[in-house]
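Everything on this sheet refers to the single structure shown next.
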Amino acid sequence: GTQAGTWEQNIDSGEKQINNVYAQMLGYTLEQCRERLRESANQQNLSNLIFFPIKPYEEIPRVLAMADIHLVVQKRAASDLVMPSKLVGILSAGGASIVSADAGTSLSDVVLENGLGWVIEPDQGDILAQAILKAINSPSLSTYRINARRYAEENLSEQEILPRFEAMLKELTS
């Protein structure tokens with residue numbers, strides 16, 4: 001986490017989720033925002049939602065590892081800009097993901113070529129719902145989780161990134 005303010009929006013309903021930093025930028029507390037989410041869930045009769053207290057930073061890897069499937073939902077326009085930062089934590093925790101990205105984007109290619117999860121078309125709530133149902137019962141789930149952790153160790157750790165970055169800098173300055 002960069003402590004950046006984030007704003008995430010539900011594809012179909014338009015509902016918004018914001019983190020503490022973003023809430024503060026808007027002049028609210030996170031609890032005020034959480035209460036609005038609870039009210040919205042009650043109004044829509046979403047009885048299958050559970051609101052847990054925020055976990056301390058040190059517990060995030062354990063919490064991420066508990067999830068069966070992670071969702072990395074991006075707007076179509078953003079699917080080839082950068083690797084979403086949340087995906088790094090998910091992969092490090094050995095999490096399999098459903099990622100929304102256009103075919104042929106670097107994000108899609110990384111997920112598919114390394115067997116890290118499933119890629120779906122962005123901005124399609126019905127396709128996302130189908131993918132969740134398919135993924136939760138998939139025989140590939142455990143393989144994707146193993147691949148995710150391996151990919152993080154081999155490509156995203158300091159021991160792997162810093163030497164490559166140093167070599168790139170040396171090449172640029174020579």
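Since every read-out is calculated from the coordinates, none of them should be taken as a lab result. No experiment lies behind these values; they were computed from the predicted model shown. Cβ atoms come from the backbone with ideal geometry, glycine included; neighbour counts cover every protein chain shown.
Can you list the equivalent-ellipsoid semi-axes of the range 134-174, largest first and in whole Å, using the square root of 5 times each Cα gyration tensor eigenvalue? Spell out each step's value before the answer.
On the way: eigenvalues 246, 16, 5 Å².
The equivalent ellipsoid of the range 134-174 has semi-axes of 35, 9, 5 Å.
Counting Lys +1, Arg +1, Asp -1, Glu -1, what net charge surrounds residue 66 among other residues with beta carbon under 11 Å of its beta carbon? Can you show the working numbers first?
Details: positive: 55, 62; negative: 59, 68.
Neighbourhood net charge equals 0.
What is the Cα centroid distance between the range 148-170 and the range 29-75, reported in whole angstrom?
Distance between centres, Cα-based: 31 Å.
Would you mind checking which residues have amide H under 5 Å from residue 118's amide H? H placed 1.01 Å from N; only 5 or more apart, or other chain.
97, 98, 99
I'd like the Kirkwood hydrodynamic radius of the range 45-174, using the inverse of the mean 1/r over distinct C-alpha pairs, in Å. Intermediate values should be presented prior to the final figure.
Details: mean 1/r = 0.0622 Å⁻¹.
About 16.1 Å for the range 45-174.
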